[in-house]
Amino acid sequence: MSRIGKLPITLPAGVTLEVSADNVVTVKGKLGELTQDVNPAISIKVEEGNVILERANEEKQSRAMHGLYRSLLNNMIIGVSKGYTIEQELVGVGYRAANTGQNLELTLGYSHNIIFELPSQINVATKTERGKNPIITLTSHDKQLIGQVAAKIRSLRKPEPYKGKGVKFVGEVLRRKAGKSAGKK
């Protein structure tokens with residue numbers, strides 16, 4: 001039995017989960033609505049405020065999908081009830097971030113500013129304090145989408161290993177290298 005797949009998911013107050021006939025799960029909550037197609041080998045039951053996933057057989061593919069769909073549904077339930085937040089930090093002299101609506105304007109040391117258009121499901125806020133690195137805060141109810149957008153923003157200027165300049169996640173530990181002067185005595 002899958003260790004993750006067999007764990008029940010508790011539905012918080014205000015969250016509804018509906019399973020249609022063609023195994024499409026819809027989760028609705030105060031922050032939004034998410035849908036997910038589920039493989040027919042996985043059956044979903046809602047009992048007494050708990051969601052239980054069971055698989056039809058013991059094939060390797062079914063065992064793998066059991067834990068996967070449990071995690072996906074759990075992330076959807078957390079997303080529509082609490083939401084997700086990702087903070088990114090711009091490290092470097094002259095690196096700036098500003099947002100106007102769903103457009104994020106980034107100055108990352110290139111010859112031009114980068115204007116990044118965000119999906120409507122994601123809210124963005126930028127904070128710039130004197131003497132500190134600019135912070136980009138992304139919030140959304142869709143964990144997959146917010147992670148994908150954060151990775152795309154980070155890929156615009158990945159942190160380099162010598163000075164650590166670039167876009168990094170807040171709290172991310174970078175592996176730093178000594179420069180060429182470290183070998184000399």
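The values are calculated or read from the model by the stated rules, or taken from the named source; none is laboratory data. Keep in mind that this is a model prediction, so the values were computed, not measured. Calculation scope for accessible area: heavy atoms of the full protein, side chains included, ligands and nucleic acids excluded. Shrake-Rupley method; radii C 1.70, N 1.55, O 1.52, S 1.80 Å.
Extension gain Thr137-Glu54, at 0.36 nm per residue separation less the Cα-Cα distance, in nm?
On the way: separation 83, 0.36 × 83 = 29.88 nm, distance 3.72 nm.
Working it through step by step, the gained length comes to 26.2 nm.
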| message | For the chain, take the longest principal axis of its alpha carbons; what is the angle in degrees between that and the long axis of helix 60-81, to the nearest 10 within 0 to 90? | response | 70 degrees
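How long are the semi-axes of the equivalent ellipsoid of the chain, defined as square roots of 5 times the Cα gyration tensor eigenvalues? Whole Å, largest first.
Working: eigenvalues 327, 91, 34 Å².
After scaling each eigenvalue by five and taking roots: 40, 21, 13 Å.
Given the rule -39500 (n - 2.57) for each run of at least 4 DSSP H residues, summed and divided by the residues of the chain, what is its mean residue ellipticity at 222 nm, to the nearest 500 deg cm²/dmol?
Details: 2 runs with 35 residues, N = 185.
After summing the helix terms and dividing by residue count, I get -6500 deg cm²/dmol.
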| request: Across region 32-152, how many lysine pairs, 8 or more positions apart or on different chains, have C-alpha atoms separated by under 30 Å? Please give the number. | output: 13
| said: Using a 1.4 angstrom probe on the protein heavy atoms only, could you order Glu48, Glu160, Glu87 from most to least accessible area? | reply: Glu48, Glu87, Glu160
| query | Of the accessible area of region 50-185, with the probe set at 1.4 angstrom, what percent is carbon plus sulfur? | reply | 49 percent
| query | What angle, in degrees between 0 and 90 and rounded to the nearest 10, separates the Cα long axis of helix 143-155 from the longest principal axis of the Cα atoms of the chain? | reply | 20 degrees
| query | Using heavy-atom solvent-accessible surface (probe 1.4 Å) with all chains present, what is the largest-first order of Thr139, Thr26? | reply | Thr139, Thr26
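Accessible area per residue for the chain in Å², computed with a 1.4 Å probe and the full protein assembly in place, what is it? It would help to have the intermediate numbers written out before the result.
On the way: 11530 Å² over 185 residues.
Roughly 62 Å² per residue, with all protein chains present.
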